[in-house]
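Note sheet for the following structure.
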Amino acid sequence: MVFKVTEGVMISVEQFYQPDYSNPIQGEYMFAYKISIQNNNLFPIQLLRRQWFIIDSNTEKKEVEGEGVIGVQPVISPGEQYQYISGCNLKSELGKMYGSYLMENVMTKQRFQVKIPVFQMEAPCKRN
């Protein structure tokens, strides 16, 4: 697990290789990741947007940007945590992801960026 704190918000990430949804012979590697967003501020925050950068070992780089996460724009109260699980497919057995969330202080409407730490995705090697 990796984590990073920005502007009083802690983002932690766990990633999991998904062998049942992968096809290494065809260069398809599926990963799931679990994100935990902990609001350590004294005010509620809302996650408005996300921006992801996905890079595999073939140096293919993708950017994913849009509203909220998994179809929602959660409001997270002080001291509370929001978690979700999502996925990513790569064309190689090794890659990484990182990015940011656009958050808003619900009380003042002030917006700020929260960084998502870099995390590695690595499919287990087949051993003879």
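Residues that are surrounded by fewer than 15 Cβ atoms within 10 Å (Cβ to Cβ) and out of contact with any Lys or Arg (no Cβ under 8 Å at 6 or more places or on another chain) within segment 25-41 comprise Ile25, Gln26, Lys34, Asn40, listed in sequence order.
The condition of being of a type in the set (Val, Ile, Thr) and more than 13 Å from the chain's Cα centre (by Cα) holds for only one of Val64, Val69, Val75, that being Val75.
Within the option set Phe53, Phe43, being modelled with pLDDT of 95 or more, at negative phi and touching a Pro at 6+ places or on another chain (Cβ under 9 Å) holds for one residue only, Phe43. Quickly run through segment 77-90 and pick out the residues that are loosely packed, with under 15 Cβ neighbours inside 10 Å and of a type in the set (A, V, I, L, M). Within segment 77-90, Ile85 is the sole residue that qualifies. If the condition is being closer than 20 Å to Ile85 by Cβ, surrounded by fewer than 18 Cβ atoms within 10 Å (Cβ to Cβ) and in contact with a Lys or Arg (Cβ under 7 Å, 6 or more places away or on another chain), then segment 1-24 contributes Lys4, Glu14.
When segment 96-128 is filtered for residues that are among the β-branched types (Val, Ile, Thr), exposed (fewer than 15 other Cβ atoms within 10 Å of the Cβ) and within 14 Å of the chain's Cα centre (by Cα), only Val118 remains.
For Glu93, the conditions (1) among the charged types (D, E, K, R); (2) crowded, with 17+ Cβ neighbours inside 10 Å; (3) over 17 Å from Gln18 (Cβ atoms) all hold with the exception of (3).
The residue pairs whose first member lies in segment 100-126 and is more than 25 Å from Lys61 (Cα to Cα) and polar (S, T, N, Q), whose second member is modelled with pLDDT of 95 or more and surrounded by 10 or more Cβ atoms within 10 Å (Cβ to Cβ), and whose beta carbons are closer than 6 Å, counting only pairs six or more residues apart or on different chains, are Asn105/Phe43. Restricting attention to segment 1-27 and to residues that are of a type outside the set (A, V, I, L, M) and within 14 Å of the chain's Cα centre (by Cα), the residue that is farthest from Asn41 (Cα to Cα) turns out to be Phe16.
Selection of segment 42-52 for residues being crowded, with 16+ Cβ neighbours inside 10 Å and not aliphatic (A, V, I, L, M) yields Gln46, Arg49, Arg50, Trp52. Residues in segment 53-76 that are surrounded by 13 or more Cβ atoms within 10 Å (Cβ to Cβ), within 19 Å of Asn105 (Cα to Cα) and touching a Phe, Trp or Tyr at 6+ places or on another chain (Cβ under 9 Å): Val69, Pro74, Val75, Ile76.
The values are calculated or read from the model by the stated rules, or taken from the named source; none is laboratory data. Because the structure is a prediction, the values reported are computed rather than measured. Please note: Cβ atoms are built from the backbone with ideal geometry, for glycine as well, and neighbour counts cover all protein chains shown.
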